[in-house]
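What follows draws every value from the coordinates through simple rules; no lab data is involved. The shown structure was predicted, so the numbers you read here are calculated from the model rather than taken from an experiment. Counting neighbours? That spans all protein chains shown, and the Cβs are built from the backbone with ideal geometry, glycine included.
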């Protein structure tokens, strides 16, 4: 597959993302988890999960409101208002998804609280539709059903994000796909170990399911380019870039999000880091799973000094 060059235009928006982590060692499976290894890799992987999740929830609130409320809870409270009471149609729309101030168990077995607020110019599937969204003290974490996972992350975010429907494009593999562009100009990702500052633009290609009325068959391919810097609490500093793999030997040249799954499901991201002090460079491939897009779990991984490092996505 060939990927056409992507010229990036970053919009001025802000993203704050806070995480707490726990780790464990499980040598019996040949895997190893170390907090010291997760300052960049965990931050980048978790940011990708957060961005995909917010876009997913907005679309569900617009199209599948009953699904978000299927646990018979008081929350979330979903409010849809016309921007002009006199307008004939429902768009442009102001949308609020309110999960309350206490964590609640949601339809996808995640814990959430806080708000997602968005203005929607037209139906999100319409060409040139624009969604300007922000989260307000939005908390998300995966409910751990087993004690065998290697890494756990909880995420709290206050961010602004723009999602634009660009219609059919052939930016990927010379094939025309319904395409969204998601932009974030400055993302601050804070963990217990340090901070990651991130700027990013990505394209979301709907490989399947875009024209159907249900979200469960939607399969997307995601191309991105991100860059930034990171610093841990020990005084170490890095600069980094993240993009899709460039050859099949490195991994799949995209990462995938199936909207019937709760997490990023397959594909790879190439992460290149440079130690500011020593100028030593390191490149890792963050793998979200195999290419069949059928398995569904909250795990990602990468290799470090011959060890398989496992990341648990929020």
Provide 79, 179 in ascending order of the number of other Cβ atoms located within 10 Å of each residue's Cβ, fewest first.
79, 179
Sort 117, 269 so the one with the fewest other Cβ atoms within 10 Å of its own Cβ comes first.
117, 269
Going fewest to most other Cβ atoms within 10 Å around each Cβ, 296, 106 line up as 296, 106
For region 193-303, list log₁₀ I(q)/I(0) at each q in 0.22, 0.24 Å⁻¹, using the Debye formula over Cα point scatterers of equal strength and ignoring solvent, two decimals each.
-1.19, -1.29
Gap separating the Cα centres of region 274-314 and region 119-138, nearest whole Å
31
For residue 170 and residue 283, FRET efficiency with R0 = 22 Å and r from the beta-carbon atoms, rounded to 0.05?
0.15
